[in-house]
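Visitor: Structure below; questions to follow.
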Amino acid sequence: MSEFSITEAAYAGFRITRERPKALAVWALVCLIEVALVLVVMGPLFDAVQALSPQDMSDQVKLAHVIDAYSPRLGLMIPINLIASALFHAAMNRAVFHPNEDRFGYLRLGVDELKQLGLQVALAGISVLAKLAGQLLGALGGGSPGAMAIGAIATLALWVVIATRLSLASPMIMETGRIDMVGAWRLTHGRLGALLRTYLVISGLCAAVFLLALVVVSAVTALAGTAADGLRAATPLAAPLMAFFDHGHPGYMVSTSIGLGLTLALISPIWLTPAAVIYLRLTRSGGVVA
């Protein structure tokens, strides 16, 4: 049985980013737009939470009440995340299947994206069902903290298995033009352990890139803030410009959003391209499991 290489799958995102820097720039721009939408939608909730006193922050009832008051805004996050996920899944699959079709960073608005959106909606529905199953398990255990914890762990384990077994459904759309979760489930039969190891390695790589980007962004922000304080102390004329670096200032929020957008753009190919690489190795090298 022909299998896939964990190293090849894990390295795919880095390779594409290195070979297609223009695509990375496009992804960063799109991620920045996504982050901006999130800030616009969730900004009032962030402000409300920051306005809470330390005592209120530790009061779970008051905190939940504030969050519930903005639940309609939380609901708006669902379509934003689903649409962004569909666009990037299709783009990363295209980068692996058709690497030379790199116009607009492989991003399109077409039938493939609509099918990816349908798949993401279906997966979101399955995740909700898995969560409900975990809550039911906890309730059957008497609803005690221990039973609810066991239910939460069971939910997480169930979802990890399901998501892993269905992880090749996304690249299958690029190949077959169909949403075929049954076919993806069959294709991953007997390969759960190898896939879990692969995705664990990829998760570690994504975490490392995120932490490194966080350190860089924090260092740049700190240096800029220190320079701003020095100029502000040197001359009052610099105060309006240096206010740009104050927390809460729109300019500070923009710079932070740019850093976050670039970080998401770096992580997206690392996380989303391996499934397409694995799919190609299994289906075009005689490794299909019935």
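Derivation of every value follows stated rules applied to the coordinates shown; laboratory data play no part. Owing to the predicted nature of the structure, the values given are computational and were not obtained by experimental measurement. Every residue, glycine as well, gets a Cβ built from its backbone with ideal geometry; the counts of neighbours run over all protein chains shown.
Visitor: If packing is taken as the average number of other Cβ atoms within 10 Å across a peptide's residues, how do 197-208, 23-34, 106-117 rank, most packed first? List each step's numbers first, then the result.
Guide: Details: 197-208: 15.3, 23-34: 19.2, 106-117: 16.8.
Packing order, densest peptide first, comes out as 23-34, 106-117, 197-208.
Visitor: Related question: Listed highest first by mean packing, meaning other Cβ atoms within 10 Å per residue, what order do 259-267, 95-103 come in? Working shown, then result.
Guide: On the way: 259-267: 20.6, 95-103: 15.3.
Per-residue Cβ counts within 10 Å, averaged per peptide and sorted highest first, yield 259-267, 95-103.
Visitor: Would you tally the net charge around Glu8, using a Cβ to Cβ cut-off of less than 12 Å, leaving Glu8 out, and scoring K and R as +1, D and E as -1?
Guide: Numbers: positive: Arg15, Arg281; negative: Glu3.
Summing Lys and Arg as +1 and Asp and Glu as -1 gives +1.
Visitor: What's the exposure ranking of Met42, Met77, Met172, going from fewest to most Cβ atoms within 10 Å? Provide the component values of the computation, followed by the final result.
Guide: Details: Met42 17, Met77 13, Met172 24.
If I rank by nearby Cβ atoms, fewest first, I get Met77, Met42, Met172.
Visitor: What is the sum of charges around Gln120, taking Lys and Arg as +1, Asp and Glu as -1, for the other residues whose C-beta is under 14 Å from the C-beta of Gln120?
Guide: Values: positive: Lys115; negative: Asp112, Glu113.
Within the 14 Å Cβ shell, the charges total -1.
Visitor: Between Ala152 and Ala208, what FRET efficiency follows from the Cβ-Cβ distance if R0 is 25 Å, with the result rounded to 0.05? Present the calculation step by step, with values, prior to reporting the outcome.
Guide: Working: r = 27 Å, r/R0 = 1.06.
E(calc), rounded to 0.05, equals 0.40.
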